[in-house]
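The structure appears right after this line, and notes come after that.
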2 protein chains.
Amino acid sequence: MITRAALLSTGDELTTGRIADTNAQWLADKLFECGVEVVCTLVVGDFPERLAWAWRQALAQADLVISTGGIGPTADDLTTETVAGVLGVGLVMHEPSADRMRRFFASRGVDPMPENNLKQAMIPAGAVVVDNALGTAPGYRAATPDGRHLVVLPGVPREMKPMVEEQVLPWIRAQRGGEVYLARTFQTFGISESGLDQLVAGVVADDEGRVSFRASFPEVSLRVVVHGAPDVAAARLAAVGDRLRERLGEYCYGEDALTMEQAVGDALTARAWSVAVAESCTGGLVGHRLTNVPGSSAYFVGGVQAYADATKERLLGVPSDVLARHGAVSEETARAMAEGARRALGADVAVSITGIAGPDGGTPEKPVGLVCFGLASSAGTVSATHRLWGTRDWVKLLASQIALDLLRRHALGLPAHDATLFRRR
Amino acid sequence: MITRAALLSTGDELTTGRIADTNAQWLADKLFECGVEVVCTLVVGDFPERLAWAWRQALAQADLVISTGGIGPTADDLTTETVAGVLGVGLVMHEPSADRMRRFFASRGVDPMPENNLKQAMIPAGAVVVDNALGTAPGYRAATPDGRHLVVLPGVPREMKPMVEEQVLPWIRAQRGGEVYLARTFQTFGISESGLDQLVAGVVADDEGRVSFRASFPEVSLRVVVHGAPDVAAARLAAVGDRLRERLGEYCYGEDALTMEQAVGDALTARAWSVAVAESCTGGLVGHRLTNVPGSSAYFVGGVQAYADATKERLLGVPSDVLARHGAVSEETARAMAEGARRALGADVAVSITGIAGPDGGTPEKPVGLVCFGLASSAGTVSATHRLWGTRDWVKLLASQIALDLLRRHALGLPAHDATLFRRR
């Protein structure tokens, strides 16, 4: 049974710092959900002796090695030769892959195919091909004489990921016998990681599943992994999922890969509401995020990036005496901005943001990080002030998140955020 | 002399896929610029035997090991014990760090300090502290009996990076003797990586410096690294920098860490122009990017996120017959949007974007990826159409980049982009 994996990432682009090793992170995450522990990751450039060293070390540490990169057509792609050496076997041509490559190049008008591509169809004798639907280099898996397993994959993420999801993970699960691992992620906002930890304490028993947290600013997600025979695991996940969902309540805006902007879109769609934005310090980030969702034109009518005071007056009708008396960063201005956007754009609901993103522009009364929010709807106008912290980009991102969650909460009939929530601790 | 480094990244958050190892990328990039080759990166979780294995392997591969993570206050932070074991020395209290910690906690009203923090002030006997200005855990460096070097740093990027820039890199340069490595990066847009490769071919001789490219969508940067005695290297970098700058011409918008939005801000500031935006398919991304620059309120007056046709009419005054005759995605509409934004917001120059970001909404005449741009100024109005490719987020990002570069080019008196440039190849 496979319990311990080592990851091996190959390429000069990694060792010279051109790219980060996101493949290893993605694989570690997937393996974690399968119950396979990653004992180490090794990263080396395209040098024969370093690759050979890395393969020996990786195989000594784990019962499964997953390698990404180094199987392209060029002379510096050395993984397959290295693996054949480690396995003590020769290379054989995988004819179906060679045919597939010839057809691929012919379909693009490149005929005959450059001969160096055929190198990618050579695999160690006895290996099983892992098909690559999106590229020319197939992957493969093989077993060592002492019963360890290795999987060799291309380094291009968009080719590698579907190969893992569709072919490698099912094979790993099968190797693990009857047990399956199932995972669910709950996305939360408006509660700290430690607060979340306390909130769900005791909800999942130690022998039922494993709960972990991931803070990815400005959100915190909670993941639960259960295992057991397929029907047992499915029942367990359903049961702990229900209990967690109930306990998380208003803080959970979505499950698995759902984003905050999708959650807002779903909540608005359920109400058949259109939305407009009025953004000062976020400069357009809320509208950008809302329009990252395909089909958002069904509810997003647009907004005003009311950065200068004159823009707040001219396009949103914020009264000049409100600006003069309370200042641009005030709940009064935020309310007038939201009401103005709702009126000017003819939307059912409008949200506004005005604040001091920094690093300059703060005063003792209105420090950097002070952000006011407004929300106008047929039910009237509400407003809030939060004292945010962090750099300019963090203040903008957190402010956009608060504005989106205000929309979600309003559409779902939930209360607004605790005013002390986002303060520096 | 230090020529080969190994990186060691520690933490369960890495081996369970919670975060990517961006520290290793950042360090590899900095070491590359110093002329130090990274032979491998090792990533392990917080287990004593795995850490000891990783340290032995790393020290066997390189004359410098840089470790990040594993020096916090909790029981699973094991790096310092492991290093002391590898060095064969005991731990000693670094009193200045202990004092600093006590003052840090007292200043936050935590007095007495939780005792487990003192663990962070324990360092291997004989090690030299690397000060941590932004956190409680100091780093340190030490030499092994056989003359290899090791540097131990915290894993938090915002603490680790300044420690490296201000203390570790100067020390490495000093270890390398009289030779220095100097680097300059040129940020480009509007030319492909292969086009850039051809453009600068032969500009830098092999014995003068090393040129490399990095495509980071939607930009391509070119880096040149030179080395030699300090005055020789400085003269070389100045000479090749001048030649590259001249050859790159209009495609280079900035050097080193300058972003496109900063370049636009600089160009607008030089002209004393104010700017407004009118964004349809980008939803606010251009304004968001412009306002990522501190002090952008000096030139950015705001904009309109004119997503719905009604918003284009109501806030920007786009004539309904222009929309009816030419459609929302047309140069005619783009021109009216830019002119409307310039008028409504009272800006010197305004840029507009209207397009089909996908994945739905395309037609045979107006396919997904078709984006029209307008730019209005006192010199009149210009427009352009580009057929972009990629997913929704790529189309939005590339469209925002084209709009920003249009502003930059207009402010600098440069021609607009080649219309065929951004097509799928």
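The values are calculated or read from the model by the stated rules, or taken from the named source; none is laboratory data. These numbers were taken from a predicted model, which means no experiment stands behind them. Positions of Cβ are backbone-derived with ideal geometry, glycine not excepted, and every protein chain shown enters the neighbour counts.
On the stretch given as the range A:158-170, residues that are surrounded by 11 or more Cβ atoms within 10 Å (Cβ to Cβ) and either basic (Lys, Arg) or touching a His at 6+ places or on another chain (Cβ under 9 Å) (or both) total 1. Pairs meeting the criteria (first residue in the range A:29-54 and more than 8 Å from chain B (Cβ to nearest Cβ), second residue part of a strand (DSSP E or B) and not aliphatic (A, V, I, L, M), beta carbons under 7 Å, at least 6 apart or on different chains) are A:Glu33/A:Tyr181; A:Cys34/A:Tyr181; A:Gly35/A:Tyr181; A:Gly35/A:His227; A:Asp46/A:Thr10; A:Leu51/A:Thr10. The number of residues in the range B:294-327 that are in contact (Cβ under 8 Å) with a residue 12 or more places away in the chain, aliphatic (A, V, I, L, M), surrounded by fewer than 24 Cβ atoms within 10 Å (Cβ to Cβ) and under 22 Å from A:Asn292 (Cβ atoms) comes to 0. Of all positions in the range A:367-382, at least one carries a residue that is of a type in the set (S, T, N, Q), closer than 26 Å to A:Ala298 by Cβ and buried (at least 19 other Cβ atoms within 10 Å of the Cβ).
Taken residue by residue, the range B:7-22 has at least one member that is crowded, with 24+ Cβ neighbours inside 10 Å, more than 24 Å from B:Arg176 (Cα to Cα) and either in contact with a Cys (Cβ under 7 Å, 6 or more places away or on another chain) or β-branched (Val, Ile, Thr) (or both). For the range A:62-78, the set of residues classified as at pLDDT below 95 and either of a type in the set (Val, Ile, Thr) or part of a helix (DSSP H, G or I) (or both) consists of A:Ile71, A:Thr74, listed by residue number.
B:Ser97 - would you say it is surrounded by 18 or more Cβ atoms within 10 Å (Cβ to Cβ), at pLDDT below 95 and among the hydroxyl-bearing types (Ser, Thr, Tyr)?
Here the answer is yes, as B:Ser97 does meet what is asked.
Going by the conditions given, is A:Ala270 in contact (Cβ under 8 Å) with a residue 12 or more places away in the chain, closer than 21 Å to A:Val200 by Cα and aliphatic (A, V, I, L, M)? So that I can check it myself, show each step before the final result.
Values: in contact (Cβ under 8 Å) with a residue 12 or more places away in the chain: yes; closer than 21 Å to A:Val200 by Cα: no; aliphatic (A, V, I, L, M): yes.
It is false that A:Ala270 is in contact (Cβ under 8 Å) with a residue 12 or more places away in the chain, closer than 21 Å to A:Val200 by Cα and aliphatic (A, V, I, L, M).
From B:Leu31, B:Leu7, which residue is outside any loop (DSSP other than H, G, I, E, B), within 16 Å of A:Thr16 (Cα to Cα) and touching a Leu at 6+ places or on another chain (Cβ under 8 Å)?
Exactly one of B:Leu31, B:Leu7 is outside any loop (DSSP other than H, G, I, E, B), within 16 Å of A:Thr16 (Cα to Cα) and touching a Leu at 6+ places or on another chain (Cβ under 8 Å), namely B:Leu7.
Only one entry of A:Ala137, A:Ala183 meets the criterion of being buried (at least 20 other Cβ atoms within 10 Å of the Cβ), under 35 Å from the mean Cα position of the chain (by Cα), in a loop (DSSP other than H, G, I, E, B) and not basic (Lys, Arg), and that entry is A:Ala137. Could you go through the range B:251-259 and let me know if any residue there is farther than 30 Å from A:Val293 by Cα and in a helix (DSSP H, G or I). Yes - at least one qualifying residue is present in the range B:251-259. Among the residues of the range A:2-16, are any farther than 20 Å from B:Val36 by Cβ, at pLDDT 95 or above and at the interface with another protein chain (Cβ under 7 Å from one of its Cβ atoms)? No: zero hits. Checking A:Leu31, A:Leu51, A:Leu42 one by one, the residue that is crowded, with 24+ Cβ neighbours inside 10 Å, closer than 19 Å to A:Gln167 by Cα and not β-branched (Val, Ile, Thr) is A:Leu31 and no other. Only one of the listed residues (A:Leu169, A:Leu182, A:Leu118) is within 14 Å of chain B (Cβ to nearest Cβ) and over 30 Å from A:Val395 (Cα atoms). That residue is A:Leu169.
Considering the range A:312-327 alone, what residues qualify as being touching an Asp or Glu at 6+ places or on another chain (Cβ under 9 Å) and either facing chain B (nearest Cβ under 10 Å) or closer than 13 Å to A:Ala278 by Cα (or both)? Correct list: A:Leu316, A:Gly317, A:Val318.
Residue-level check: of (1) under 33 Å from the mean Cα position of the chain (by Cα); (2) assigned to a helix (DSSP H, G or I), A:Asn132 misses just (2).
The condition of being part of a loop (DSSP other than H, G, I, E, B), in contact (Cβ under 8 Å) with a residue 60 or more places away in the chain and under 17 Å from B:Gly35 (Cα atoms) holds for only one of B:Gly190, B:Gly177, that being B:Gly177.
Residues are listed down the side, and each one gets a yes or a no for (1) assigned to a strand (DSSP E or B); (2) not assigned by TED's automatic domain parsing to the domain that holds B:Arg141:
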{"position": "B:Met163", "(1), (2)": "no, no"}
{"position": "B:Gln167", "(1), (2)": "no, no"}
{"position": "B:Leu196", "(1), (2)": "no, yes"}
{"position": "B:Ala201", "(1), (2)": "no, yes"}
{"position": "B:Asp206", "(1), (2)": "no, yes"}
{"position": "B:Ser212", "(1), (2)": "yes, yes"}
{"position": "B:Val220", "(1), (2)": "yes, yes"}
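Which one is farthest from B:Gly284 (Cα to Cα), of the residues in the range A:287-311 that are more than 7 Å from chain B (Cβ to nearest Cβ) and touching a Leu at 6+ places or on another chain (Cβ under 7 Å)? Out of the qualifying residues, it is A:Asp309.
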